[in-house]
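Everything on this sheet refers to the single structure shown next.
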Amino acid sequence: MPMALTDDGVNLYYEETGSGTPLVFVHEFGGNHWSWEPQISFFSRRYRCVTFAARGFPPSDIPADVSKYSQARAAADIRCVLDAIGAEKAHVVGLSMGGFAVLHAGLNFPERLLSICAAGTGYGAEKAHEAYFQGVSEEVARQFETRGAENFAPTYAEGASRVQFQAKDPKGWALFAERLGKHSSLGAANTMRGVQVHRPSLYDLEAGFRAMDVPTLIVAGDEDDHCLQPGIFLKKAIPACGLAILPKTGHTTNLEEPELFNHLLAEFLAQVEHGAWRRRDPRARPDQIMRTA
C-alpha cells in the first residue's frame, strides 16, 4: 500500500493512475481519495493522476491528537505527496476542504504548482457567517463523536448544498452517503475541529492572493450559496484567475456534473500548458462600464 510520510510522521495513502504530467486531486471533508473517480477515468488518459486520503481519513493514519490537524498542515501534506511521488511540479485540483488546501499550497509553495483548480471553496470565509460556521463545525464534530459516522452520514449527506446531487443522481448520491458512513468518526471530528474551525477566512488572505502568480480556476455551483461570493472575491483577487459557475448545481460539483466539470478542467489545463491562461488584461478595468475616450 503506497504511503507518503509527512514531516510530522503521518502516513498518507495515495494512488496513481496513468502517465505524463502529474495531476493531483485533493478531496473534500465528505469524500476521500475515491471522490475523484469520474476525473481519474477521464484524465488518466493523458496525465499521471494522483489521489490521496487526507490525514484522519482511512487508509491514511488517524492521529488521535487534534493538534495534528490544521489548515497549514493540510496544505503541507500536498507537498509531502509531491515529494513521495517524485514530482517537482504538478497541477492540483481540490474540492471544498481540498479547495482550501490547494489555495493555501499556492500561497505557501507556488513554485511546486503548475496550476490550481479550487471547486466549492468558501465555507466559513464570509465574515458575516464566520462565527456560525465555527459553531456548526464544532456541532458536526460532536455528532460524529456521539453518533458515529455510519449513523450521522445520512444527515450530513442531505445538507442544503447536497440535495441537488441527490435529486440528479440518486444512485451516485447514495454511494457518496454510504462511503461517508465508513469514515473514521475520530478522524472526522478531529478534522472538523483542527481544520475547519480554525482556518483563516479567505478574505484575510487577500494580499497573498493578489501576489499569487499561479494560473487558477475557481468552480462553484450556483446553489452552493456560501461559495458564490468567496468565488467572486477569489476571481477578483488572484491575477490569473477564471471563475466558472455551474447552473442548478450544489457543492459536490465534480460528482454532480462530472462531464461539465471535466470539460472545464480539461480546457483550463490545455490553456495553462500552452501559456494562454494569462493575467487579467489591465484594460479590463472593473471601474469602467463603457469607454468614452
Check your understanding: In what order do 137, 70 fall by count of nearby beta-carbon atoms within 10 Å, going from fewest to most?
Key -> 70, 137
Study note, to complete from the structure: Of the residues 113, 167, 185, the Cα lying farthest along the dipole of the chain towards its positive end, which is defined by charges on the beta carbon of Lys, Arg, Asp and Glu, belongs to 113
Exercise for review: For segment 1-86, report the translational diffusion coefficient in µm²/s to the nearest whole number, using Stokes-Einstein at 37 °C, 0.692 mPa s, and a Kirkwood Rh over Cα pairs.
Suggested key: 252 µm²/s
Exercise for review: Once you've got the GNM for the chain with C-alpha springs shorter than 10 Å, pick whichever of 124, 99, 18 has the biggest mean-square fluctuation.
Suggested key: 18
Check your understanding: If you average 1/r over every pair of different alpha-carbon atoms in the chain and take one over that average, what Kirkwood value in Å do you get?
Key -> 19.1 Å
Point to revise | Within straight-line cross-link reach of residue 248, lysines at Cα separation under 18 Å, skipping those fewer than 8 residues along the same chain | key: 168
Review point. Roughly how many debye, to the nearest 20, is the charge dipole of segment 5-50 about its Cα centre, given +1 on each Lys and Arg Cβ, -1 on each Asp and Glu Cβ, and no other charges?
Key: 340 debye
Exercise for review: Using a 10 angstrom cutoff on alpha carbons, build the Gaussian network for the chain and name the most mobile of 256, 28, 88.
Suggested key: 88
**Study point:** Residue pairs, from the table 68/235; 89/235; 68/171; 89/171, whose Cα atoms sit over 26 Å apart
**Key:** 68/235; 68/171; 89/171
Check your understanding: How would you rank 1, 290, 97, going from fewest to most other Cβ atoms within 10 Å of each one's own Cβ?
Key -> 290, 1, 97
Exercise for review: Give the share of C-alpha pairs in each 5 angstrom bin for segment 167-293, from 0 to the last occupied bin, in whole percents, shortest bins first.
Suggested key: 2, 9, 13, 15, 18, 18, 13, 7, 3, 2, 1, 0, 0
Check your understanding: Based on DSSP H runs of at least 4 residues, each adding -39500 (n - 2.57), what is the mean residue ellipticity at 222 nm of the chain after dividing by all its residues, to the nearest 500 deg cm²/dmol?
Key -> -12500 deg cm²/dmol
Check your understanding: In straight Cα distance, which aspartates and glutamates are under 14 Å from residue 182, not counting same-chain residues fewer than 8 positions off?
Key -> 145, 150
Point to revise | Neighbour-count order for 253, 155, fewest beta carbons within 10 angstrom listed first | key: 155, 253
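We did not get these values from a lab; they are worked out from the coordinates using the rules stated. Note that the structure is a prediction, hence the values are computed from the model and not measured. With ideal geometry, Cβ positions are generated from the backbone for all residues, glycine too; neighbour counts draw on all protein chains shown.
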